[in-house]
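Note sheet for the following structure.
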Amino acid sequence: MKAPLHPAFVSLILSLLAACGGGSSSGGGGSGDGIPPMFAGATAAFALSDASIEVSWAPAMDNVDPASALIYNVYASQISGAQDLMTPDLTSAAGSTTEIVTGLLPAANYFFIVRAMDTSGNEDTNLIEVSDTTFPDTTDPIWGGGTSAIATSLTEIDLTWNAATDNQAMQSQLVYNIYSATVSGGQNFLAPDFMTPPGILTHTFTGLTPDTDYFFVVRAQDPSGNEDTNLMEASARTFGIVSFATQVQPIFTINCVVCHGPPFPAQGQDLSNYTTIDSTAINVPANETMLTSMLDRIEPFDSTLSYLIHKIDGTHLDPAVQGSGLQMPRLRPPLPLADRDLIRAWINQGAQNN
Ligand code: HEC
């Protein structure tokens with residue numbers, strides 16, 4: 001907290017007033033009073049919360065000003081004797097004998113020096129310290145919500161969530177405990193599966209079992225160990241292993257082979273069986289992409305680099321792809337997303353003949 005008026009500024013105004021003959025100082029008539037108040041210093045410090053301590057004192061006495069005009073500078077430090085006596089942490093209202101210092105850390109010891117100042121800016125020089133310890137922080141962070149789980153492969157799930165907030169800690173100080181289970185509600189909240197570094201809002205679980213549902217709860221924890229208690233689950237299912245023969249080839253046979261099959265497969269790309277797909281699509285450069293993005297028709301393990309996927313998703317004209325022609329199947333409705341995801345997963349799993 002800052003003083004409303006800097007003491008040096010107050011004293012400048014007063015000396016200007018004195019120079020003009022309008023000063024309030026008495027005795028001797030010069031450029032103001034040079035004698036600081038007589039003050040016995042702080043008498044007590046008393047913690048009020050996990051962030052505030054009340055400091056009090058008995059009124060000082062001044063040779064010129066009434067007690068009601070005196071202000072008090074409060075200097076705080078977590079180390080005894082280490083207060084910065086040039087910069088008060090708080091300046092009291094005139095005549096006050098108690099102030100509450102706020103914005104403190106929890107469960108922390110603080111040392112205070114209080115010095116009285118008169119209206120001419122004269123400050124006493126006592127070094128009397130009082131101290132107390134703020135209460136421990138027992139308030140849980142407030143969960144930020146927004147947990148989402150997305151399977152990215154047979155064995156991986158990406159989790160993201162919103163930042164929590166806390167009464168004491170900054171968001172960058174909060175850590176997150178992640179609890180997982182393969183049945184809804186089955187998490188063991190005594191043992192997190194993962195604790196993030198401070199401030200991190202994502203985590204990728206790896207080494208999971210394919211074709212399995214996972215349920216996650218993410219809870220925020222502050223540096224004092226307080227953890228929120230939300231039970232909101234996010235769930236995702238790891239990819240299963242896609243069978244080319246029973247799941248992928250039928251999609252091609254029904255939707256593509258009429259044009260991409262014998263005797264004259266469009267673009268020389270024959271999708272009628274694994275052997276022809278292997279020789280005309282897998283690791284075969286697409287005709288329609290520009291030189292700068294020479295994509296293969298099917299790039300094993302990477303559907304995003306497979307032009308066939310862009311042709312069935314309709315992203316083949318995107319600047320990153322630079323393809324041409326129409327979305328496939330040509331002049332027909334697009335494939336359902338589930339079919340496209342099956343082909344995508346088959347490619348991401350290596351475009352095997354399984
Ligand atoms: C009605 C005929 C027809 C059907 C059905 C069809 N295609 Fe095509 N396909 C074409 C023609 C013609 C082209 C070239 C012109 C274009 O891209 O529009 C082409 C181009 C492509 C290309 C680009 C090849 C390259 O090297 O640039 C891919 C990949 C493709 N088709 C995949 C498919 C898939 C997968 C299906 C089934 C889901 C399918 N097509 C269904 C006629 C068809």
Quiz item: What per residue convex hull volume, in Å³, do the alpha-carbon atoms of the chain yield?
Solution: 218
Quiz item: Using the Cα atoms as the points, what is the convex hull volume per residue of the stretch 37-113 in Å³?
Solution: 85
Quiz item: Which of the chymotrypsin sites (Phe, Trp or Tyr not before Pro) found in the stretch 210-312 are in a DSSP loop and have at most 14 neighbouring Cβ atoms, other than their own, within 10 Å?
Solution: Phe301
Self-check item: Helix-only [θ]222 nm of the chain, DSSP H runs n ≥ 4, -39500 (n - 2.57) each, per residue, nearest 500
Solution: -3500 deg cm²/dmol
Quiz prompt | Taking the stretch 244-348 and dividing mean pair separation by its residue count, relative contact order in percent (alpha carbons under 8 Å, at least six apart) | solution = 20
Exercise. May I ask for the distance between the Cα centers of the stretch 121-141 and the stretch 178-207, given as a whole number of Å?
Key: 39
Self-check item: Whole-Å distance, taken between Cα centres, linking the stretch 267-285 and the stretch 220-264
Solution: 24
Quiz prompt | Gyration tensor (Cα) of the stretch 242-306, equivalent ellipsoid semi-axes in angstrom | solution = 20, 15, 9
Quiz prompt | Cleavage-rule hits (GluC sites (Glu not before Pro)) in the stretch 118-195: DSSP loop, at most 16 neighbouring Cβ within 10 angstrom | solution = Glu156
Quiz item: Assigning unit charges at the beta carbon (Lys, Arg +1; Asp, Glu -1) and nothing else, what dipole magnitude in debye, to the nearest 20, does the chain show about its Cα centre?
Solution: 1320
Exercise. Order Ser56, Ser293, most accessible first, counting only protein heavy atoms with a 1.4 angstrom probe.
Key: Ser56, Ser293
Self-check item: Base-10 log of normalised Debye intensity for the stretch 186-285 (one unit scatterer per alpha-carbon) at q = 0.23 Å⁻¹
Solution: -1.21
Quiz item: Probe 1.4 Å, all protein chains in place: accessible area of Ile142 in Å², nearest 10?
Solution: 110
Quiz item: What angle, in degrees between 0 and 90 and rounded to the nearest 10, separates the Cα long axis of helix 337-348 from the longest principal axis of the Cα atoms of the chain?
Solution: 90
Quiz item: What is the antiparallel percent of DSSP beta bridges lying wholly in the chain, to the nearest 5?
Solution: 95
Quiz prompt | Isotropic mean projected area of the C-alpha convex hull, the stretch 148-237 (nm²) | solution = 5.3
Self-check item: Descending principal axes extents, the stretch 244-348, alpha-carbon based, whole Å
Solution: 34, 29, 28
Practice problem: Would you kindly derive the ³J(HN,Hα) couplings of the stretch 188-198 from the backbone phi angles with the Karplus curve 6.51 cos²θ - 1.76 cosθ + 1.60 (θ = phi - 60°), listing them in order in whole Hz, with x for Gly and Pro? | Solution: 9, 7, 8, 9, x, 6, 7, 10, 6, x, x
Quiz item: Between exposed trypsin sites (Lys or Arg not before Pro) in the chain, where DSSP calls loop and at most 16 other Cβ atoms lie within 10 Å, what's the longest gap?
Solution: 3-329
Quiz item: What's the local net charge at Thr204, with K and R +1, D and E -1, over the other residues with C-beta under 15 Å away?
Solution: -3
Quiz item: Remind me, relative contact order of the chain in percent, using alpha carbon pairs under 8 angstrom and six or more residues apart?
Solution: 11
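The values are calculated or read from the model by the stated rules, or taken from the named source; none is laboratory data. Every value quoted in this text rests on a predicted model; they were computed, and no experiment measured them. Here the Cβ is made from the backbone with ideal geometry for all residues, glycine too, and neighbour counts use every protein chain on show. Side chains are part of the model used for accessible areas, which takes the heavy atoms of the whole protein and leaves out ligands, DNA and RNA. Shrake-Rupley method; radii C 1.70, N 1.55, O 1.52, S 1.80 Å.
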